[in-house]
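*Asks:* Can you keep this structure in mind? I'll have questions shortly.
The values are calculated or read from the model by the stated rules, or taken from the named source; none is laboratory data. For clarity, every value in this text was computed on a predicted model and none was experimentally measured. Note that each Cβ is placed from the backbone with ideal geometry, even for glycine, and that neighbours are counted across all protein chains shown.
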């Protein structure tokens with residue numbers, strides 16, 4: 001792949017996945033500046049991968065895997081602030097087109113998810129916030145698609161119980 005093609009692939013990938021990777025990082029670290037830095041680092045690593053001429057079959061999965069690994073490394077180095085504190089401080093961007101009722105419902109679900117166990121939280125956020133399929137989540141978390149489907153099913157039931165649905 002020549003440099004022009006590499007640049008085109010990179011720009012298209014950033015355009016398609018940049019916001020989603022930022023949201024994923026934001027949910028993982030609950031800090032806007034850190035999430036922006038992590039997103040930048042994810043795409044820096046992706047660019048290096050492209051420059052080395054390596055082929056990949058699933059760019060989306062590759063980017064999420066880098067972001068997930070970076071978040072794991074960050075948690076190992078520093079204890080995270082709670083998602084609730086950041087939401088109360090207004091650090092989580094809200095859709096300015098949504099009505100207040102939708103924002104409140106969304107925030108209630110996020111609050112409830114943030115209080116759940118880490119194993120439930122990560123699959124629910126990847127599925128329902130990022131819209132990933134169980135197969136893609138399995139690749140990111142390095143588990144089988146079947147085990148991810150089971151985890152999703154159980155976590156969804158626990159979430160529904162907590163929300164009294």
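*Asks:* Among 14, 24, which is the only one that is under 30 Å from residue 157 (Cβ atoms) and modelled with pLDDT of 70 or more?
*Replies:* 24
*Asks:* Sticking with this one: How many residues does segment 108-157 contain that are farther than 20 Å from residue 61 by Cα and in contact with a helix residue (DSSP H, G or I) (Cβ under 6 Å, 6 or more places away or on another chain)?
*Replies:* Residues in segment 108-157 being farther than 20 Å from residue 61 by Cα and in contact with a helix residue (DSSP H, G or I) (Cβ under 6 Å, 6 or more places away or on another chain): 4 in total.
*Asks:* Sticking with this structure for a sec: Tell me yes or no: at least one residue of segment 116-129 is surrounded by 12 or more Cβ atoms within 10 Å (Cβ to Cβ), within 30 Å of residue 3 (Cα to Cα) and at pLDDT 70 or above.
*Replies:* No, that holds for no residue.
*Asks:* Kindly check whether there is at least one residue in segment 79-92 that is buried (at least 16 other Cβ atoms within 10 Å of the Cβ), modelled with pLDDT of 75 or more and not in a helix (DSSP H, G or I).
*Replies:* Among the residues of segment 79-92, not one is buried (at least 16 other Cβ atoms within 10 Å of the Cβ), modelled with pLDDT of 75 or more and not in a helix (DSSP H, G or I), which makes the answer no.
*Asks:* Within the set of pairs 6+ apart or on separate chains, which have a first residue in segment 50-63 that is closer than 13 Å to residue 10 by Cβ, a second that is not in a helix (DSSP H, G or I), and C-beta atoms under 6 Å apart?
*Replies:* 62/56
*Asks:* While we're here: State yes or no: is residue 96 over 15 Å from residue 152 (Cβ atoms), exposed (fewer than 11 other Cβ atoms within 10 Å of the Cβ) and modelled with pLDDT of 60 or more?
*Replies:* No.
*Asks:* Does segment 1-32 hold any residues that are over 28 Å from residue 113 (Cα atoms) and outside any helix (DSSP H, G or I), and which are they?
*Replies:* Across segment 1-32, the qualifying residues are 1, 2.
*Asks:* Still on this structure, I have one more. I'd like the residue in segment 33-78 that is out of contact with any helix residue (DSSP H, G or I) (no Cβ under 6 Å at 6 or more places or on another chain) and outside any helix (DSSP H, G or I) and, out of all such residues, is nearest to residue 131 (Cα to Cα).
*Replies:* Looking at the filtered set, the residue picked out is 58.
*Asks:* Given the conditions (1) more than 13 Å from residue 27 (Cβ to Cβ); (2) part of a helix (DSSP H, G or I), report the number of the one that residue 165 does not fulfil.
*Replies:* The failed condition is (2).
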